[in-house]
1. Mind giving me the FRET efficiency for residue 116 and residue 88? R0 is 51 Å, r the Cβ-Cβ distance, nearest 0.05 is fine.
2. I want to check a number: in the chain, how many lysine pairs have alpha carbons closer than 29 Å, given a sequence separation of 8 or more or different chains?
3. Pick out which of 189, 249, 75 has the largest mean-square fluctuation in a Gaussian network model of the chain, springs linking Cα atoms closer than 10 Å.
4. Would you mind working out the accessible area per residue for the stretch 113-272, using a 1.4 Å probe, and quoting it in Å²?
5. Does the stretch 194-233 classify as rounded, prolate or oblate by the C-alpha gyration tensor (a ≥ b ≥ c root eigenvalues; a/c under 1.5 gives rounded; else a/b over b/c gives prolate, otherwise oblate)?
6. Compare 53, 136, 151 in a GNM of the chain, Cα atoms joined below 10 Å, and give the one with the largest fluctuation.
7. For the stretch 71-162, report the % of Cα-Cα distances exceeding 17 Å.
8. If packing is taken as the mean number of other Cβ atoms within 10 Å per residue, what is the order of 23-36, 153-166, highest first?
Amino acid sequence: MYRVNQYEFIEMGKAFFRLRSLREGVSLEDAIAPLMTAMTHLRDLLEGKPVSVMHCRHDATELLGKLEAFHRENYLRPGTDEWDGEKNWDDQVPSHHFWGFHSLIDRFEHNLAAELRGSPTYQVADVGIFNTSSLVDTAEDHIPVDLRSMVSEDAKRELNLAGKAIAYGLATAAGFHVLRATELVLEDYYRTFAGPDARPCKSWHDYITQLTEWAESDAPIRPERKTVRNLDQMRDLDRNPVMHPRETYTESKAVEMFNNGTTAIMAMAREMQSNVPELPLLVVENAEAEAGE
């Protein structure tokens, strides 16, 4: 899936209008700009830009071939791709070319119009206060810029997929991607207190169990209880149910989960950011405590 620049259709229409407007008596100099612009649009269309076409491809190819032949004959040195610098640009375009151009353009535009009428073009509506472009392209920007550096690229990618899913009405998929993003940050959050080389836990339950133990300890560097409680609530009310095949979400539920997930991510990112200079402290204290035992 990719974004379509709708204005390209206007530019294409203008290009063929200018080409069709050429009449007997026009000079080679005046004809070159409409000619080159029309050829560029035809090449783009045959490459799938702005949209892929099938039924009018033959007409587009035939028209492009006619224009390229005219270009070679009147503007290039014979047998080369070099401009003919000795050409008199005031020479008139031979009149027999116009009938060929006009008839091919008419046929191409007729078939292009018929094809575009049946093409699968849709308008994606905004969701709540979320702008569609932001959801589709940069959902990660929901995380404030001062915390974004604490969120891994993998987690940002999942947030962007969640945004796309919300925009396209795939509510259950959106919830799934939000939870994946949250779990990726949860793994880094866990390592903030367990040490950078700590192995990831096998489940959210294991993360929450260990983080809860640390949050209720007297260690100088420890997780905030509120953050851990919110994560445990997400695990119980969102993460576990979404794995059930009969669980489906509405748009409102997907937006709620997106907001809850990004809130949890921001809370973890803020703690990671504030504890970065002191990461080894809890690990050292734990090691000393174990040695004392």
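The values are calculated or read from the model by the stated rules, or taken from the named source; none is laboratory data. Source: prediction; values computed, not measured. A quick note on method: Cβ atoms are made from the backbone with ideal geometry, for glycine too, and the neighbour counts reach across all protein chains shown. Remember, those area values only see protein heavy atoms, side chains included, never the ligands or the DNA or RNA. Shrake-Rupley method; radii C 1.70, N 1.55, O 1.52, S 1.80 Å.
1. Given R0 = 51 Å and the Cβ-Cβ separation, E is 0.80.
2. Close lysine pairs found across the chain: 16.
3. 75
4. 54
5. oblate
6. Highest fluctuation of the listed residues: 53.
7. Pairs farther apart than 17 Å: 74 percent.
8. In descending order of packing, they fall as 153-166, 23-36.
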